[in-house]
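The values are calculated or read from the model by the stated rules, or taken from the named source; none is laboratory data. These numbers come from a predicted model, not from an experiment. Note that we place each Cβ from the backbone using ideal geometry, even for glycine, and neighbour counts take in every protein chain shown.
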Amino acid sequence: MIRSDVDLSSANTLGLPCRAERFLATDDIGSVRDALRQAVKQGWPLTVLGGGSNLVLHPWLPGLVLQPTFTNLRFEEAGQGEVLVHVGAGLNWHVLVEALAERDLWGIENLALIPGHCGAAPIQNIGAYGVELADVLEQVHLLHLEDGREAILGRDDCAFGYRDSIFKHALENRVVITRLVLRVSKRAQPRLDYGDLASRLPAAPSASDVAAAVSAVRREKLPDPAVLGNAGSFFKNPVVSAEKARMLLSRNPGMPHFPLADGNVKLAAGWLIDQCGLKGLREGHVGIHDRQALVLVHHGGGSATELLALAQRVVGEVQARFDVTLEREPRLMGETAR
Ligand SMILES: Cc1cc2nc3c(=O)[nH]c(=O)nc-3n(C[C@H](O)[C@H](O)[C@H](O)COP(=O)(O)OP(=O)(O)OC[C@H]3O[C@@H](n4cnc5c(N)ncnc54)[C@H](O)[C@@H]3O)c2cc1C
């Protein structure tokens, strides 16, 4: 049932105040289709919501907010030691990671503890500890918002990149993802070359061991949104040309940098922000986390406007000092007033 004037402040991990004009959470595909038809007929803007962990919400979301809550999970033998995992868009991502790790299925254990729902994972091609969704994604099942027609995209159709996909470009705000199909493996294939993961694990770890180690590192480094409002990394790691990286390195020899296959170089946004002396800064109700400069936090009582002003300050200081432009990672939604 579509509800009116619904409070979404606890439905976004930043805990920003927001009300939806209309809201529908459903695990019934027929209801999703009916809602899409009604929205088109009435001219309501449509917003799809997952777990709200990658959003900056203004106080008012007009139209209809649709939250798919399908949590079905099915395993299909694919031969050659591989398994296809069919998962509903509404299942919590970490619940999926644990379900696979318990069955000793390998592929997404490094993505443990990333908040949010499975349906949102392709939007920014979630990634952590050297692994990204694109490594295991087989299919995305979706409905087009404009007419409810179904489509299935294969991995190559999704134009995945670093925190990027077709869902941030040609299909931005145009689809609701209903199901993912992942291809995972029964063969042990730990990827431990990132950070100090290997040193925390036995010689032949299980998938559960790896997921637990990743979770432990993340708990040490990142604030828990249940305790302190945040949306994880607020900025993407910027990618610069090799020439620009050389120039920056000549002035900042300790600068972390990661050469990419295309010749460009990825920099660590958190390091750049830290060098500007901004870690731990607090401005009113918002601030920069004191252990991780990449994470902007909401201490409560603040607004998206306040948070965006702080973000703008960060962008400006990094630009002035390094001539590098930081790009926001979470999506901005809604309007400042009804
Ligand atoms: C503490 C913390 C740590 C994080 N760490 C990481 C990390 O390591 N790596 C990483 O990649 N991300 C990370 N994130 C970001 C976030 O967890 C991911 O982007 C996650 O996939 C967002 O899922 P969500 O369900 O919360 O999406 P939401 O925030 O609800 O939505 C995000 C976007 O996806 C769209 N969307 C959501 N569901 C659907 C759907 N079913 N169909 C169509 N569109 C949809 C929304 O419209 C919106 O544009 C972190 C966030 C937090 C708070």
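Structure notes:
- In the set (1) within 20 Å of N230 (Cβ to Cβ); (2) surrounded by fewer than 20 Cβ atoms within 10 Å (Cβ to Cβ); (3) hydrophobic (A, V, I, L, M, F, W, C), the condition left unmet by F75 is number (1).
- For segment 13-44, a residue qualifies if it is buried (at least 22 other Cβ atoms within 10 Å of the Cβ), of a type outside the set (S, T, N, Q) and farther than 17 Å from V176 by Cα, and the qualifying residues are L14, G15, L16, C18, A20.
- Contact annotation: residue pairs with Cβ atoms under 7 Å, 6 or more positions apart or on different chains, pairing a residue in segment 153-174 that is assigned by TED's automatic domain parsing to the domain that holds A128 and part of a loop (DSSP other than H, G, I, E, B) with a partner that is near the ligand (Cβ under 9 Å from one of its atoms) and of a type in the set (V, I, T), are S165/I123.
- Screening L278, L296 for residues that are surrounded by 13 or more Cβ atoms within 10 Å (Cβ to Cβ), touching a strand residue (DSSP E or B) at 6+ places or on another chain (Cβ under 9 Å) and either in the same structural domain as G127 (by TED's automatic domain parsing) or assigned to a strand (DSSP E or B) (or both) leaves exactly one candidate, L296.
- Which numbered condition N237 fails, given (1) within 16 Å of the ligand (Cβ to nearest atom); (2) not assigned by TED's automatic domain parsing to the domain that holds V315: (2)
- Among the numbered conditions (1) at negative phi; (2) part of a strand (DSSP E or B); (3) within 11 Å of the ligand (Cβ to nearest atom), the only one that G232 does not meet is (1).
- Here R179 meets each of (1) among the charged types (D, E, K, R); (2) at pLDDT 95 or above; (3) surrounded by fewer than 16 Cβ atoms within 10 Å (Cβ to Cβ) with one exception, condition (3).
- Pair list, Cβ under 9 Å, 6 or more apart: segment 86-112 residue without any contact (Cβ under 8 Å) to a residue 24 or more places away in the chain, other residue in a loop (DSSP other than H, G, I, E, B) and away from the ligand (no atom under 16 Å from the Cβ): none
- Which listed residue, of R218, R179, is near the ligand (Cβ under 10 Å from one of its atoms) and not in a helix (DSSP H, G or I): R179
- Count of segment 318-338 residues, restricted to those that are under 8 Å from H58 (Cα atoms), crowded, with 17+ Cβ neighbours inside 10 Å and touching a Phe, Trp or Tyr at 6+ places or on another chain (Cβ under 7 Å), is 1.
- Selection over segment 216-254 of residues that are within 18 Å of K266 (Cβ to Cβ), surrounded by fewer than 16 Cβ atoms within 10 Å (Cβ to Cβ) and of a type in the set (A, V, I, L, M, F, W, C) gives a count of 3.
- So G90, is it within 13 Å of the ligand (Cβ to nearest atom) and touching a Leu at 6+ places or on another chain (Cβ under 9 Å): no
- Of all residues in segment 163-172, those being surrounded by 14 or more Cβ atoms within 10 Å (Cβ to Cβ) and either more than 11 Å from the ligand (Cβ to nearest atom) or not small (G, A, S) (or both) number 6.
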